[in-house]
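The next block holds one structure in the form of structure tokens; read it before the comments.
The values are calculated or read from the model by the stated rules, or taken from the named source; none is laboratory data. Predicted, not measured: the structure shown is a model, and the values here were computed from it. Note that each Cβ is placed from the backbone with ideal geometry, even for glycine, and that neighbours are counted across all protein chains shown. Protein only, heavy atoms only, side chains kept; ligands, DNA and RNA dropped before computing areas. Shrake-Rupley method; radii C 1.70, N 1.55, O 1.52, S 1.80 Å.
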Amino acid sequence: MQFIPTQKRPSPEQRRLLELFDSLDEQNRLSLLAFAEFLANRDHEVVISDPKDDKPLEPKLIPRPATESVVKAIKRLSASYFMLERDKMLDETSSLMTAHVMHGRDAVSVINDLERLFERHYQRYLDMD
């Protein structure tokens, strides 16, 4: 006897996401997938400095390439500013990503804003030390 697995019905959110995905052109579909991948794989670790070392951690700035996608910029900046708590930046980062993917804002200006966002959060990190 062989059992046929029952198919789970998609939730309203899943159906909405599929509708949005279907309405996008290929480039925006790839951006949406890349952003979803970024969210699914984001690092929740908080880097804690050595208590014996009272100096704040310094960023390891990775140079910005000549051409870069918004998702790759977020990954680059997250690696550069490894000491920042990304959960505190998620709302602003998501808003910028949405402006790019859903509203067509150009990647260069979004990446410029992302760099300012990370720099601003790093300054807060220094101020709290």
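One table, with the values for the structure above:
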| quantity | calculated |
| --- | --- |
| Among 17-25, 120-128, the order from most to least packed when residues are scored by Cβ within 10 Å on average | 120-128, 17-25 |
| Solvent-accessible ranking of Thr93, Thr67, Thr98, largest area first, probe 1.4 Å | Thr67, Thr98, Thr93 |
| Vicinal HN-Hα couplings computed from phi for segment 18-33 (Karplus, 6.51 cos²θ - 1.76 cosθ + 1.60; Hz; Gly/Pro x) | 5, 4, 5, 4, 5, 7, 8, 7, 4, 5, 6, 5, 5, 5, 4, 5 |
| Gyration tensor verdict on segment 61-126 (Cα atoms; rounded if a/c is under 1.5, prolate if a/b is larger than b/c, oblate otherwise) | oblate |
